[in-house]
Structure formats: structure tokens, C-alpha cells
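The values are calculated or read from the model by the stated rules, or taken from the named source; none is laboratory data. Everything quoted here is computed from the prediction, not taken from an experiment. Glycine also receives a Cβ, built like all others from the backbone with ideal geometry; neighbour counts cover every protein chain displayed.
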Amino acid sequence: MAARKTTPPPPEPQEETGPAPLPEPQDPAPSAPAEPPEPDVVEEDQAEEEPQERTPVEAAYVEALHREREGYTRYDRKDRAAAVEAELKRLGAPLERAVTRPPETA
């Protein structure tokens with residue numbers, strides 16, 4: 001004969017007592033006068049962002065955008081080419097790509 005599983009009885013309802021009382025405000029301890037914050041100092045070397053090496057995924061995305069832009073330019077779709085150029089600028093990529101393979105011939 002299989003053992004029966006029993007469920008525990010439901011918990012008994014508890015009385016609600018309302019919100020917890022707020023703690024009494026305490027006088028702050030006397031302290032030294034607050035010093036003004038130091039101004040932010042930025043070295044000039046840090047102000048110029050150095051271009052970071054692109055990950056393979058980012059590099060492939062930029063390459064795909066370049067190919068897409070070339071196609072739009074070839075078929076005179078200036079509005080779409082402008083949108084792709086805006087995305088390239090957002091990524092900080094050059095608008096012209098480096099030639100890595102010879103052009104295709106028909």
C-alpha cells in the first residue's frame with residue numbers, strides 16, 4: 001500500500017497591529033563645519049577618448065553597414081544612405097571603409 005501525502009493545516013490568522021511606530025528623532029552630534037567639495041580635476045590625457053578595439057561582432061556590424069551604404073549609394077537611395085551614415089557616426093566608425101579585398105568583377 002502506498003504512503004499517503006498529507007498537507008499541513010492552513011496557518012491560523014494573525015491580528016493586524018497596524019504600522020510600526022516611527023523612531024524618535026535624535027539630535028545630530030556636533031561636528032566640524034562642512035568643507036566644500038573639491039573641484040573635479042580632469043587631466044587632458046583622460047579628456048580625449050582613445051578609440052577602443054572593436055570586438056569581432058562590432059567589426060562585422062560596421063562592415064555590414066558599409067556594404068549597405070554602398071548599395072544605397074549605387075541605387076541612388078540618399079535617404080537610406082543618410083540613415084546608415086548616421087548609425088556609422090553614432091558608432092564612431094569611419095564613413096569610408098578600408099579596402100580589404102579586390103572589387104568584384106562581372
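Within region 54-69, the only residue that satisfies the criterion of being basic (Lys, Arg) and under 18 Å from the mean Cα position of the chain (by Cα) is Arg54.
Per the conditions (1) modelled with pLDDT under 90; (2) surrounded by 10 or more Cβ atoms within 10 Å (Cβ to Cβ), the sole criterion not satisfied by Thr6 is (2).
Might you let me know whether region 53-65 holds any residue that is polar (S, T, N, Q) and at pLDDT below 75?
No; the residues of region 53-65 include none that is polar (S, T, N, Q) and at pLDDT below 75.
Among residues of region 72-92 that are over 24 Å from Glu58 (Cα atoms), those with a Cβ under 9 angstrom from a residue that is small (Gly, Ala, Ser) and at pLDDT below 95, sequence gap 6+ or separate chain, pair up as Arg77/Gly71.
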